[in-house]
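What follows is a single structure, written as structure tokens, with notes after it.
The values are calculated or read from the model by the stated rules, or taken from the named source; none is laboratory data. Treat the numbers as computed from the prediction; the structure is a model and nothing was measured. Every residue, glycine as well, gets a Cβ built from its backbone with ideal geometry; the counts of neighbours run over all protein chains shown. All accessible areas refer to the heavy atoms of the entire protein, side chains included, with ligands and DNA or RNA removed. Shrake-Rupley method; radii C 1.70, N 1.55, O 1.52, S 1.80 Å.
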Amino acid sequence: MVGFLGPNGAGKTTTLKMLSGILFPSDGSASVLGFQPWERRKAFKKQFSIVMGQKSQLWWDLPANESLYLNKHIYEVEDRVYEHTVAELAEPLDVKEPLKVQVRRLSLGERMKLELIASLLHRPRVLFLDEPTIGLDVISQRNIREFLKYYNAQHRTTVLLTSHYMNDIEDLCKRTLIISGGQVAYDGDLTRIHSLLDRKKIMKLKFADACSEHRLRQFGIVREFNGMEAVLEVEKSGLKERSQQILHESPVIDFTIENISIEEGISMVYQKKEDAV
């Protein structure tokens, strides 16, 4: 399971569309399962699936199970395999009853679960997921992630996932690809970004009396300051000594120490790539 990240407009969805054969590239080459995707060979189309969070493959005015039955015939899935697959997937996703409900009457979370079932009926070897949890509440997002982990463990399907929710990426993907400016800015283990971020900490301070910004600069980078509150970026090495010195020399009444977020770390990767260009 690979996370595919990048800022808006970086080309994530365009890349998935090319890898699934929806778009014909203006230049370059690509190979998926030994096929050139935009040739759209039947043997290739039966081995992959794509789910786009803002597009639906379910018929709006029909019960979901009728759309699934249509997909069964499109992908030439045998009756026994179809029945087994629907039963296998509907249970962990808890959508046995929604299967019988008109799609327009389903919640967004229920629709996305059924979109996943529709995409997995033919047991694809590769699954492209473009923002599969967009717009979902926190519980629905978690349910989708748990299902994807379960399915990947059971069937070893390769998954390429784009998402603006970092919980999706952190929870599901060990390997991460980050693109910026049309180029790969990072390809590796997500924990490596964590390790880079772990070198620094964020200190949030509140003061009893107005404090000097100039005085705080000796401890680290002042990110925010309004006289009574400040946010500092400090090196992890020597953090204990710096904290004691700040508390001793400044009228601090409250403070917290936090990690730099993974989102910010990825933004830093973008920035480094853009600066290099």
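Remarks
- Filter on Lys17/Lys45; Lys12/Lys42; Lys200/Lys240; Lys201/Lys240; Lys12/Lys45 - keep pairs with C-alpha separation over 22 Å: Lys12/Lys42
- Solvent-accessible area per residue, Å², over the chain with all protein chains present [probe radius 1.4 Å]: 55 Å²
- Remark: accessible surface ordering of Lys72, Lys100, Lys236 (largest first) is Lys100, Lys236, Lys72, probe radius 1.4 Å.
- Surface listing: His122, His84 arranged by accessible area from highest to lowest gives His84, His122, probe 1.4 Å.
- Dipole-positive endmost among His73, Ser107, Val86 within region 49-121 (Cβ charges, Cα centre): Ser107
- Relative contact order of the chain, defined on C-alpha pairs under 8 angstrom at six or more residues apart (%): 20 percent
- Dimensions (Å) - the chain, Cα atoms, principal axes, largest first: 75, 45, 30
- The residues neighbouring Phe207, those whose beta-carbon lies less than 14 Å from its own, together hold a net charge of -3 under the Lys/Arg +1, Asp/Glu -1 convention.
- Exposure rank, largest accessible area first [Tyr82, Tyr69; 1.4 Å]: Tyr69, Tyr82
- Expressed as a whole percent, the accessible surface of the chain that belongs to carbon and sulfur atoms is 49, based on a 1.4 Å probe.
- Top of Ser250, Ser119, Ser261 by mean-square fluctuation, Gaussian network on the chain, Cα under 10 Å: Ser250
- With DNA, RNA and ligands ignored, accessible area of Asp254 (1.4 Å probe; Å², nearest 10): 80 Å²
- Those trypsin sites (Lys or Arg not before Pro) in region 1-67 that DSSP places in a loop and that have at most 16 other beta carbons within 10 Å: Arg40, Arg41, Lys46, Lys55
- Distance between region 178-232 and region 101-125 - C-alpha centres, whole angstrom: 41 Å
- Per-residue SASA remark: Leu19, around 40 Å² accessible (1.4 Å probe; ligands, DNA and RNA not included).
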